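Heads up, the thing below is written out as structure tokens.
Read the figures in this text as sums done on the coordinates, not as results from a lab. If you're wondering where the values come from, they're calculated on a predicted model, not measured in any experiment. Counting neighbours? That spans all protein chains shown, and the Cβs are built from the backbone with ideal geometry, glycine included.
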Amino acid sequence: MGVPADLDYSTTRLSAAGLYQASFTVSEPVIPINKLHTWTLHVETPDGRPIEDATIAVDGDMPQHGHGLPTRPQVTQNLGGGDYLVEGMKFQMGGWWVMDFDITAAGGKTDRASFNLLLK
């Protein structure tokens, strides 16, 4: 199975059911391989209002290889303004990765924002 040619690598995505819009920034200029780093995940409504006090589960995997991350990243801090600190990010190899963020807010409504990465 090759990397699909039509993957969207944008850093801002609407969640699967359209409940949330999420975006991320990385603590490094380029997403590193074999180095712990942090992400800041920003979550807002589709019309741009920050989502405060969300519960966010983090998971990542390599669809072509059938394995996940070597760490268990998690949101460790609500930074305010819809921003959440994600610590423990580490990718052990280059290739196609999918990062999933299961966001629960707005009275218990959960939706998944997924990001495709192609690491070199």
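Assuming residue 9 fulfils every condition listed in (1) over 14 Å from residue 116 (Cα atoms); (2) touching a Leu at 6+ places or on another chain (Cβ under 7 Å) apart from one, which condition is it?
Exception for residue 9: condition (1).
Quick grid of which residues meet (1) closer than 21 Å to residue 2 by Cβ; (2) part of a strand (DSSP E or B); (3) among the aromatic types (Phe, Trp, Tyr); (4) touching a Ser or Thr at 6+ places or on another chain (Cβ under 6 Å):
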| site | (1), (2), (3), (4) |
| --- | --- |
| 61 | yes, yes, no, no |
| 64 | yes, no, no, no |
| 70 | no, no, no, no |
| 79 | no, yes, no, no |
| 93 | yes, no, no, no |
| 101 | no, yes, yes, no |
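For the stretch 53-101, give me each residue that is surrounded by 13 or more Cβ atoms within 10 Å (Cβ to Cβ), farther than 17 Å from residue 114 by Cβ and acidic (Asp, Glu).
83, 87
Are any residues in the stretch 11-56 of a type in the set (Ser, Thr, Tyr), more than 10 Å from residue 82 (Cα to Cα), in contact (Cβ under 8 Å) with a residue 24 or more places away in the chain and part of a loop (DSSP other than H, G, I, E, B), and if so, which ones?
11, 15, 20
Would you pick out the residues in the stretch 62-76 that are more than 11 Å from the chain's Cα centre (by Cα) and without any contact (Cβ under 8 Å) to a residue 40 or more places away in the chain? Walk me through it before giving the result.
Step one: list which residues in the stretch 62-76 are more than 11 Å from the chain's Cα centre (by Cα), which gives 62-72, 76.
Matches in the stretch 62-76: 62, 65, 66, 67, 68, 69, 70, 71, 72, 76.
Restricting attention to the stretch 27-49, does a residue exist that is within 17 Å of residue 120 (Cα to Cα) and among the basic types (Lys, Arg)?
yes
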